[in-house]
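The values are calculated or read from the model by the stated rules, or taken from the named source; none is laboratory data. Please read all numbers here as calculations on a predicted model, not as lab measurements. Here the Cβ is made from the backbone with ideal geometry for all residues, glycine too, and neighbour counts use every protein chain on show. Just the protein is used for accessible areas: all its heavy atoms, side chains included, with ligands, DNA and RNA removed. Shrake-Rupley method; radii C 1.70, N 1.55, O 1.52, S 1.80 Å.
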Amino acid sequence: MAMFFPGESHTFSEYLLVPGYSSSECVPANVSLKTPLVRFKRGEEPSISLNIPMVSAIMQSVSGEQMGIALATEGGMSFIYGSQTPEQEAAMVKAVKDHKAGFVVSDSTLTPEMTMREVMDLKEKTGHSTMPVTEDGTPHGKLLGIVTSRDYRPSRDDPSSKVATFMTPREQLIVGDKDITLKKANDVIWDKKLNALPVVDENDCLLGIVFRKDYDSHKTNPNEMLDANKRYMVGAGINTRDYETRVPLLIEAGADALCIDSSEGFSEWQKRTIEWIRENYGEDVKVGAGNVVDAEGFRFLADCGADFIKVGIGGGSICITRETKGIGRGQATALIDVCRARDEYFEETGIYVPVCSDGGIVYDYHMTLALAMGADFLMLGRYFARFDESPTARVNVNGQYMKEYWGEGSARARNWQRYDLGGAAKLAFEEGVDSYVPYAGSLKDGVNSTLYKIKSTMCNCGALTIKELQEKARLTLVSATSIVEGGAHDVVVKDRNHQMVSYQ
Ligand code: RVP
């Protein structure tokens, strides 16, 4: 007879935190969100800790180079998507590692042949008003000029005029050379009253642009995730099929942590992948595994040597795995079960294996709940897809800005493999959808607002660290009617923004 899990499986929205005593010390400014990323032995420090408990999902529509840089700047880590060739993925990892803080690699690069209309469309899509012009239109091509919104007047100029006719040409630009420091670049910006300084190599190819505003923000990034050589830290997704070629390239490119990306990780394939990494790299290469939804799955992967374990099947906002395959478990119940198993494993073996709650976070308070239930950190897809730094286009849908967001199990994401196989492989069925999410501005602003809420709730629970939150949190299940009670009710709300609380 089949085994039945006792009780129902619940999700985050069915729980609330009951506040505990908070002393006068409990203020957001005193809260630390530092949290382990990889396994460690009792009494030792983990070799990698995150400064904020957020990682970005291993997805084409979430974790590219810009996301890697922006999230590391705030203290989290991106896992670059693996649904591309190993060479392409390694190049993205390398781009994050090579990035010099404050030197922006533009994803809105123009060619001299483009028209003003195209420039305006690109500005609408990306929100960028300063765009470099290179010979071949790539971000590291030979620099030919710069276009800012002061160079053209949409209302008066001919929209078909070519970039070459209205850009500020290279010979009139002040540039920095490849060895310029950020401090020196900023001195030039101030001395020459510039808004941006392009930095070029000895062949006049663009390396990056220093913007006036970025230096100020750089100075205020105390949480940056930096490796021993002061380079940004970044992770990368791998799979259980091509690891023998992919892993060496990612390690060579400088990846700080790997993660096996699978919707179902309780498998011999994951065991073999981890074993291969251990045989070839020992403990030096850090690798997370998953996803699992119960204690048995956790223990299996912990015994295999996974450095962290991801929890969640079917809870992702774009995920239809539960609908198509009938597998999964309510995210809160799965997380609570796995975190209990992690603590028992720690008791028994003295080894702490961090748990990542992956998928299904809708409101900011869900993050606090997940941490309170035991998660060490959170993997977020939809949340990050909404920001400027996700790799997808910003589009205007019925007057509202949206960003595209699609699942890794959708036909759109899996096309790359089909092309790889010469079109031979067909998708048997889809496990994800292609969608829009409301555009939410810069990652920095969004993350800081979220973290402030998390810290403030932690204070309500009397906790100054995530560990303390896990020990002190008091959680209660809520009934359907008490969820109604928790929103604005029985009043006519004037401000429509308060009616739509999702996406906060
Ligand atoms: P969310 O943050 O709710 O958008 O969920 C993101 C997670 O959803 C990913 O980290 C991954 O585990 C899962 N995912 C990604 N693609 C798909 C799919 O196509 N089914 N699911």
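Any idea which of I277, I260, I313 is in contact with a Gly (Cβ under 6 Å, 6 or more places away or on another chain) and open to solvent by less than 20 Å² (accessible area, probe 1.4 Å)?
Numbers: I277 fails: in contact with a Gly (Cβ under 6 Å, 6 or more places away or on another chain); I260 fails: in contact with a Gly (Cβ under 6 Å, 6 or more places away or on another chain).
Testing whether each residue is in contact with a Gly (Cβ under 6 Å, 6 or more places away or on another chain) and open to solvent by less than 20 Å² (accessible area, probe 1.4 Å) leaves just I313.
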Take G328 and tell me if it is within 30 Å of L475 (Cβ to Cβ), open to solvent by 10 Å² or more (accessible area, probe 1.4 Å), within 14 Å of the ligand (Cβ to nearest atom) and not in a helix (DSSP H, G or I). yes
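Among the residues of segment 357-397 satisfying the criterion of being of a type in the set (A, V, I, L, M) and in a loop (DSSP other than H, G, I, E, B), which is nearest to the ligand (Cβ to nearest atom)?
The first filter runs over segment 357-397 and keeps only residues of a type in the set (A, V, I, L, M), leaving 361-362, 367, 369-373, 375, 378-380, 385, 393, 395, 397.
Still in the list and also in a loop (DSSP other than H, G, I, E, B): 361-362, 373, 375, 393.
Numbers: I361: 5, V362: 7, M373: 16, A375: 13, A393: 18 Å.
Filtering first and then ranking leaves I361.
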Taking segment 234-282 and keeping only residues that are touching a residue at least 60 places away in the same chain (Cβ under 8 Å), within 16 Å of the ligand (Cβ to nearest atom) and of a type in the set (S, T, Y), one is left with S263
Enumerate the pairs (first residue in segment 432-443 and near the ligand (Cβ under 9 Å from one of its atoms); second residue anywhere and polar (S, T, N, Q)) with beta-carbon separation below 6 Å, excluding pairs fewer than 6 apart on the same chain, so at least 6 apart or on different chains. G432/S410; V433/S410
Scanning segment 398-435 for residues that are at pLDDT 90 or above and assigned to a loop (DSSP other than H, G, I, E, B) gives N398, G399, G407, E408, G409, S410, V433
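Does G102 count as more than 16 Å from the ligand (Cβ to nearest atom), surrounded by 21 or more Cβ atoms within 10 Å (Cβ to Cβ) and in a loop (DSSP other than H, G, I, E, B)? Quick ask: steps written out before the conclusion?
Working: more than 16 Å from the ligand (Cβ to nearest atom): yes; surrounded by 21 or more Cβ atoms within 10 Å (Cβ to Cβ): yes; in a loop (DSSP other than H, G, I, E, B): yes.
Yes; evaluated as a whole, the condition is true for this residue.
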Every listed condition ((1) surrounded by fewer than 21 Cβ atoms within 10 Å (Cβ to Cβ); (2) touching a residue at least 40 places away in the same chain (Cβ under 8 Å)) holds for P53 save (1)
Suppose we filter F5, F79 for residues that are of a type in the set (A, V, I, L, M, F, W, C) and away from the ligand (no atom under 16 Å from the Cβ); which single one remains? F5
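Would you confirm whether any residue within segment 111-127 is touching a residue at least 60 places away in the same chain (Cβ under 8 Å), in contact with a Ser or Thr (Cβ under 6 Å, 6 or more places away or on another chain) and assigned to a helix (DSSP H, G or I)? Reasoning before the result, please.
Taking segment 111-127 as the starting set, the residues that turn out to be touching a residue at least 60 places away in the same chain (Cβ under 8 Å) are 124-127.
Still in the running and in contact with a Ser or Thr (Cβ under 6 Å, 6 or more places away or on another chain): 126.
Retained after the next criterion (residues that are assigned to a helix (DSSP H, G or I)): 126.
So far as segment 111-127 goes, yes, one or more of its residues are touching a residue at least 60 places away in the same chain (Cβ under 8 Å), in contact with a Ser or Thr (Cβ under 6 Å, 6 or more places away or on another chain) and assigned to a helix (DSSP H, G or I).
Among the candidates K184, K178, K162, which residue alone is in contact with a Pro (Cβ under 7 Å, 6 or more places away or on another chain) and of a type outside the set (A, V, I, L, M, F, W, C)? Talk me through it step by step, then tell me what you get.
Details: K184 fails: in contact with a Pro (Cβ under 7 Å, 6 or more places away or on another chain); K178 fails: in contact with a Pro (Cβ under 7 Å, 6 or more places away or on another chain).
Only one candidate passes the filter, namely K162.
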Do we have Y503 as surrounded by fewer than 17 Cβ atoms within 10 Å (Cβ to Cβ), at pLDDT 95 or above and not acidic (D, E) here? no
